[in-house]
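One structure is given below, encoded as structure tokens.
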Amino acid sequence: MNIVNTKLKDCFIFEPTIFGDTRGYFFESYNKSKFESLIGKAIDFIQDNEAFSNKGALRGLHFQEGEFAQAKLVRVTQGLVLDVAVDLRPDSETFLQHIAVELSSDNKKQLFVPRGFAHGYIVLSQTAVFNYKCDNVYNKDSENGVIYNDKDLNIDWKLSPDQFIVSEKDKILPTIKALYK
């Protein structure tokens, strides 16, 4: 497994070592000891989630606050998504910066999104299956988010807005300025 630093502090891309032959391929998608050694800290993932979505489905930008903040390790097992992480930690040198990474069943990359980040993705293929590990439980009272089309973030979602499929809940999320006024 290879770790790639991103421009965001503590946010990493993982590229697996893939072993292939005439039968197909094999790779280790997660190894706690190796993972923690690469990121330099202990993470106790306690839950795995999966989402199936159609092209244009835009989920995010979500985060949980306080004691229910979550770190996530995300990957795509079918299809292609543009995955976005936004650093919301006021004391971070990369505060309010974001990255966008294509994750797919072909490239098998994973993105580690630490606590204190907003996270979201859009499906670029006809369909996609998105998997993620979380280090904390979901708590409805702690959920929050940032509107996907925030002008200050200026995220290029790679599709035309008329192709977006966005939940009613995500359409009314606050802007960055509203969160940090």
Exercise for review: Output yes when any residue across the range 65-74 is in contact with a Phe, Trp or Tyr (Cβ under 8 Å, 6 or more places away or on another chain) and at positive phi, and no when none is.
Suggested key: no
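Hey, among G79, G56, G20, G60, which residue is small (G, A, S), touching a strand residue (DSSP E or B) at 6+ places or on another chain (Cβ under 9 Å) and free of Cβ contacts under 8 Å to residues at least 40 places away in the same chain?
Working: G79 fails: free of Cβ contacts under 8 Å to residues at least 40 places away in the same chain; G56 fails: free of Cβ contacts under 8 Å to residues at least 40 places away in the same chain; G60 fails: free of Cβ contacts under 8 Å to residues at least 40 places away in the same chain.
Unique residue meeting the criteria: G20.
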**Study point:** Y138, sole failed condition from (1) at pLDDT 95 or above; (2) assigned to a loop (DSSP other than H, G, I, E, B)
**Key:** (1)
Exercise for review: Determine whether D170 is assigned to a helix (DSSP H, G or I) and touching a residue at least 60 places away in the same chain (Cβ under 8 Å).
Suggested key: yes
Exercise for review: Look through the range 29-74, keep the residues that are surrounded by 19 or more Cβ atoms within 10 Å (Cβ to Cβ) and of a type in the set (S, T, N, Q), and return whichever of them is nearest to N5 (Cα to Cα).
Suggested key: Q70
Revision key, fill the gap. Y132 meets each of (1) surrounded by fewer than 16 Cβ atoms within 10 Å (Cβ to Cβ); (2) part of a strand (DSSP E or B); (3) among the hydroxyl-bearing types (S, T, Y) with one exception, condition (1)
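Considering each of F95, F35 in turn, give the residue that is closer than 22 Å to D150 by Cα and either part of a loop (DSSP other than H, G, I, E, B) or at pLDDT below 95 (or both). Steps first, answer last, please.
On the way: F35 fails: closer than 22 Å to D150 by Cα.
Going through F95, F35 in turn, the sole match is F95.
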Study note, to complete from the structure: Within the range 144-169, the residues that are of a type in the set (D, E, K, R) and farther than 19 Å from H98 by Cβ are D162, E168, K169
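Inspect the range 85-104 for any residue being of a type in the set (D, E), buried (at least 20 other Cβ atoms within 10 Å of the Cβ), free of Cβ contacts under 8 Å to residues at least 40 places away in the same chain and under 19 Å from D170 (Cα atoms) and give the result as yes or no. Lay out the reasoning, then the answer.
If we filter the range 85-104 for residues that are of a type in the set (D, E), which is where we start, we get 87, 91, 93, 102.
Filter once more, so that each one left must be buried (at least 20 other Cβ atoms within 10 Å of the Cβ): 87.
Among the residues that remain, those that are also free of Cβ contacts under 8 Å to residues at least 40 places away in the same chain are: none.
No, the conditions are met nowhere in the range 85-104.
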Check your understanding: If you go through the range 38-53 one residue at a time, how many are in contact (Cβ under 8 Å) with a residue 12 or more places away in the chain and part of a loop (DSSP other than H, G, I, E, B)?
Key -> 4
Check your understanding: Is it fair to say S37 is under 23 Å from I122 (Cα atoms) and hydroxyl-bearing (S, T, Y)?
Key -> no
Practice item. Read through the list (1) part of a loop (DSSP other than H, G, I, E, B); (2) surrounded by 16 or more Cβ atoms within 10 Å (Cβ to Cβ), then give the number of the only condition that L111 fails. Key: (1)
Exercise for review: Can you confirm whether the range 145-162 contains a residue that is at pLDDT 95 or above, of a type in the set (S, T, N, Q) and part of a strand (DSSP E or B)?
Suggested key: no
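The values are calculated or read from the model by the stated rules, or taken from the named source; none is laboratory data. On a predicted model such as this, the values are computed, not experimentally measured, just so you know. Note: ideal-geometry Cβ built from the backbone for every residue, glycine included; neighbour counts use all protein chains shown.
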